[in-house]
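Visitor: Handing you this structure, nothing more for now.
The values are calculated or read from the model by the stated rules, or taken from the named source; none is laboratory data. Predicted, not measured: the structure shown is a model, and the values here were computed from it. Here the Cβ positions follow ideal geometry from the backbone for every residue, glycine too, while neighbour counts run over all protein chains shown.
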Amino acid sequence: MLHATSIMASIDSTRRSGMQAFDYVVPKKVEEVITLLANGNGDARILCGGTDLLVQLREGRRKAGLVIDIKSIPELTQIKFDPEHELRIGAAASCSQICSDPNVIKHYPGLVDAIKLIGGVQIQNRASVGGNLCNASPAADSIPALIVHEAVCNIAGPNGVHTLPVEEFCIAPGQNALQAGEFLVSINVPTPKEKFGAGYLRFIPRNEMDIAVVGAGASVFLADEGKRFGFAKVALGAVAPTPLFVSEAGDFLAEKAVTRENIKEAARIAQSIARPITDLRGTAEHRKHLCAVLVERALDKAIERAGGQYAQ
Amino acid sequence: MPNKMHITATINGEEVQFLCEPRQSLLEVLRETLGLMGTKEGCNNGNCGSCNVTLDGMLVNSCLVLAVEIQGRSVTTIEGIATAEGLHPLQQKFIEHAALQCGYCTPGFIVASKALLDQNPDPSEQEVREWLAGNLCRCTGYDRIVRAVLDAADS
């Protein structure tokens, strides 16, 4: 009885003290965020959807003295498409907002592939792609897709605004390249050219609401009426400490004919560069196998969307 | 030292004011401050859907929303789904199909299913299953739940 009571007491206190106390602010401008971060003694945290942050605060994996909710800054939640240049996704725009945007649906099906896989409806309605990026999980679904779209991060900080390619943004599991006082404002995704196509897919044991065992993104730009690769890009998730841009696989395909053999060789190259570990989601061996399968399929998807034609 | 904030929001159609600490989740405030015990705490980390509510019409896990975030916004919980005239058709169909066993996950399923039918009044079975992927039931399995939702959509 005593034992049961003490367990109940401990459950209760864990739940109630779930999150340590913090202050909460809702700035209206990017400049205010920079000031708040500068005054935050390093324990200020940016809140978008909270689907990672609140879990991490509750579990004590991160600490916050100040939570800065950036969802009231218009620039942070907007999605703007400029057909001449790029799509600009505000860092706090939710997955469901992005996946229901007509321009995103029309021009970026490869991004939608990845973003719509992040959690179920409840998570989609809150989680942001900016947050998915900043959380820097090796298995983050949006990141390989952003990499193969040549997406670029717009970062604001005490020294002004600068850009960083998405493939350089994650530096270790859970760690991103943001310096003290900086935060992610938006992500630019170049407007796809004609004969460009991209795709993302992942392997998971169930159909939804899971974390990638392996994820693969690919994009292609085709020449010669879709029979030859102009360029190709491949990126993998969950096979290295960070999402992995496998430039060698794409470089191999450049200028080559669209053939099954070439696609399989690119997939083999990606497989050889992946350095997965064995963990609760899968063994290194299984992940290696999946790399080749998924890269081939992701390339096929990209080629199909680019209007490609396979040579025999 | 807890610094409580004064929040005004619309909950189940009525204006509500409360004090809360920034660290308190919407789930915690609904249950412990406002006495709306229909919303359940399951995993408290966004996996199970037991705490589902709608926030400005969007389905969310209330364990992953800070209560301070609902300032000026509108929340519907399971308590806001039946009317004075009677149960919502989804609630009625859950009973008819015996789409529950212990019942703990049921408020979350009903709130989630209502959010689906509000935007897609005639979903396919596949659409229902995909939509409800974020709601876990550990008793019955999902077939009866899916059948109840499809039946409610028909009626």
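Visitor: Against the conditions (1) assigned to a strand (DSSP E or B); (2) of a type in the set (S, T, N, Q); (3) farther than 25 Å from A:Cys95 by Cβ, where does A:Ser219 fall short? Just the number, please.
Guide: Status for A:Ser219: all satisfied but (3).
Visitor: Could you list, in sequence order, all residues of segment B:82-110 that are small (Gly, Ala, Ser) and crowded, with 19+ Cβ neighbours inside 10 Å?
Guide: Scanning segment B:82-110 gives B:Ala99, B:Gly108.
Visitor: A follow-up question, please. For a quick check of your reading: which helices (runs of 4 or more DSSP H) sit entirely within segment B:85-155 and have at least 1 residues that are within 24 Å of A:Ser96 (Cβ to Cβ) and free of Cβ contacts under 8 Å to residues at least 60 places away in the same chain?
Guide: So the answer is B:106-119, B:125-131, B:143-154.
Visitor: Separate question: Could you look through segment B:10-29, keep only residues that are within 14 Å of chain A (Cβ to nearest Cβ) and not in a loop (DSSP other than H, G, I, E, B), and pick out the one that is surrounded by the most Cβ atoms within 10 Å (Cβ to Cβ)?
Guide: Here the answer is B:Leu26.
Visitor: Also: Can you say whether B:His97 is farther than 16 Å from B:Lys40 by Cα and under 16 Å from the mean Cα position of the chain (by Cα), as far as the supplied structure shows?
Guide: no
Visitor: Based on what the data block shows, is A:Arg268 farther than 30 Å from B:Asn135 by Cα and either modelled with pLDDT of 95 or more or assigned to a loop (DSSP other than H, G, I, E, B) (or both)?
Guide: Considered against the rule, which asks whether it is farther than 30 Å from B:Asn135 by Cα and either modelled with pLDDT of 95 or more or assigned to a loop (DSSP other than H, G, I, E, B) (or both), A:Arg268 comes out as yes.
Visitor: Answer with yes or no whether A:Asp101 is surrounded by fewer than 17 Cβ atoms within 10 Å (Cβ to Cβ), among the charged types (D, E, K, R), more than 14 Å from every other protein chain (Cβ to nearest Cβ) and touching a strand residue (DSSP E or B) at 6+ places or on another chain (Cβ under 8 Å).
Guide: no
Visitor: Which residue is nearest to the other protein chains (Cβ to nearest Cβ), if the candidates are limited to segment A:75-97 and must be assigned to a strand (DSSP E or B) and in contact (Cβ under 8 Å) with a residue 24 or more places away in the chain?
Guide: Per the criteria, the residue is A:Ser94.
Visitor: Something else: Could you say whether any residue in segment A:62-83 is under 20 Å from A:Ser128 (Cβ atoms) and at pLDDT below 95?
Guide: yes
Visitor: Something else about it: Among the residues of segment A:174-188, write down those that are closer than 23 Å to A:Val55 by Cα and touching a residue at least 60 places away in the same chain (Cβ under 8 Å).
Guide: A:Ala180, A:Gly181, A:Glu182, A:Phe183, A:Leu184, A:Val185
Visitor: Then there's this: Just to be sure, is B:Lys4 within 11 Å of the chain's Cα centre (by Cα) and within 14 Å of another protein chain (Cβ to nearest Cβ)?
Guide: The answer is no for B:Lys4.
Okay, residues lined up against (1) touching a strand residue (DSSP E or B) at 6+ places or on another chain (Cβ under 9 Å); (2) within 11 Å of another protein chain (Cβ to nearest Cβ); (3) modelled with pLDDT of 95 or more; (4) within 15 Å of B:Asn135 (Cβ to Cβ):
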position: B:Gly35; (1), (2), (3), (4): no, no, yes, no
position: B:Leu55; (1), (2), (3), (4): yes, yes, yes, no
position: B:Leu66; (1), (2), (3), (4): yes, yes, yes, no
position: B:Glu79; (1), (2), (3), (4): yes, no, yes, no
position: B:Leu87; (1), (2), (3), (4): no, no, yes, no
position: B:Gly108; (1), (2), (3), (4): yes, yes, yes, yes
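Visitor: A further question on this structure: Could you tell me how many of the residues in segment A:104-147 are away from every other protein chain (no Cβ under 12 Å) and closer than 17 Å to A:Ile204 by Cβ?
Guide: Qualifying residue count, segment A:104-147: 13.
Visitor: Quick one: would you say B:Glu69 is part of a helix (DSSP H, G or I), outside the structural domain of B:Val149 (by TED's automatic domain parsing), closer than 25 Å to A:Leu57 by Cβ and in contact (Cβ under 8 Å) with a residue 40 or more places away in the chain?
Guide: Judged against the criteria, B:Glu69 is a match.
Visitor: Taking segment A:195-225, which residues are among the aliphatic types (A, V, I, L, M) and away from chain B (no Cβ under 14 Å)?
Guide: Hits for segment A:195-225 are A:Ala198, A:Leu201, A:Ala212, A:Val213, A:Val214, A:Ala216, A:Ala218, A:Val220, A:Leu222, A:Ala223.
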